[in-house]
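Structure first, then comments.
The values are calculated or read from the model by the stated rules, or taken from the named source; none is laboratory data. Values in this document were obtained by computation on a predicted structure and should not be read as measured data. Every residue, glycine as well, gets a Cβ built from its backbone with ideal geometry; the counts of neighbours run over all protein chains shown. Remember, those area values only see protein heavy atoms, side chains included, never the ligands or the DNA or RNA. Shrake-Rupley method; radii C 1.70, N 1.55, O 1.52, S 1.80 Å.
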Amino acid sequence: MKNNKQTPEFDFDHWANIAQQDPEQFEQMRQQLIDDLLDQTPDHLKQRMVALQWQIDHIRDQAESPMDACLSISQKMMDSILGENGLLDTLNEPDKVLQSIKNNDTDKVISINKYKTTDD
């Protein structure tokens, strides 16, 4: 199934000029582009994509420089590909990864009430 909506050509030089001349406008354009993309995301992937964008934005906010942000985001991407249960593992050994996910306890809810201290 093809998406009939065409992606406009990305003019790197145009975006780079705006980033240097008017960082506020650049940020508004960047956010609009992200919002438009998320609006086109299928419902079953939307929550995951929004969460991923939140992580990316958080990395950018915490970074000391744009290059630091770029390197951190690239490392996150590589970890999701090459890391444990990453894309490469999934493609090479899907049964092993599925079993690992089934055995993972991260989907269990643990009450924090037993860890609370009372200040009586």
Query - Any chance I112 is out of contact with any strand residue (DSSP E or B) (no Cβ under 9 Å at 6 or more places or on another chain), more than 19 Å from W54 (Cα to Cα) and either at pLDDT 80 or above or of a type in the set (V, I, T) (or both) - result: yes
Requested in this report: Consider A63 carefully, then state whether it is over 23 Å from S100 (Cα atoms) and more than 14 Å from the chain's Cα centre (by Cα).
Outcome: yes
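Taking the stretch 83-92 as the region of interest, how many residues are modelled with pLDDT of 75 or more and surrounded by 12 or more Cβ atoms within 10 Å (Cβ to Cβ)?
Final tally of qualifying residues: 6.
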Requested in this report: Filter the stretch 78-93 for residues that are part of a helix (DSSP H, G or I) and touching a helix residue (DSSP H, G or I) at 6+ places or on another chain (Cβ under 7 Å) and give the result.
Outcome: S80, I81, L82, L87, L88, D89, T90
Report task. From the list D95, D119, D105, pick out the single residue that is open to solvent by 100 Å² or more (accessible area, probe 1.4 Å), modelled with pLDDT under 75 and not β-branched (V, I, T). Result -> D119
Query raised in the report: Name the residues in the stretch 32-52 that are surrounded by 12 or more Cβ atoms within 10 Å (Cβ to Cβ) and within 23 Å of S72 (Cβ to Cβ), would you?
Result: L33, I34, L37, L38, M49, V50, L52
Report task. Kindly indicate which of Q55, Q75 is under 27 Å from F10 (Cα atoms), at pLDDT 90 or above, open to solvent by 100 Å² or more (accessible area, probe 1.4 Å) and outside any loop (DSSP other than H, G, I, E, B). Result -> Q75
Query raised in the report: Restricting the first residue to the stretch 73-91 and requiring it to be on the phi > 0 side of the Ramachandran plot, which pairs with a second residue that is open to solvent by 60 Å² or more (accessible area, probe 1.4 Å) and not basic (K, R) meet a Cβ separation below 8 Å and a spacing of at least six or different chains?
Result: N85/I101
Report summary line: Expected output for the stretch 27-40 (first residue over 14 Å from W54 (Cα atoms) and at pLDDT below 95, partner open to solvent by 70 Å² or more (accessible area, probe 1.4 Å) and not in a helix (DSSP H, G or I), Cβ below 8 Å, 6+ apart or cross-chain) is Q40/N3; Q40/K5
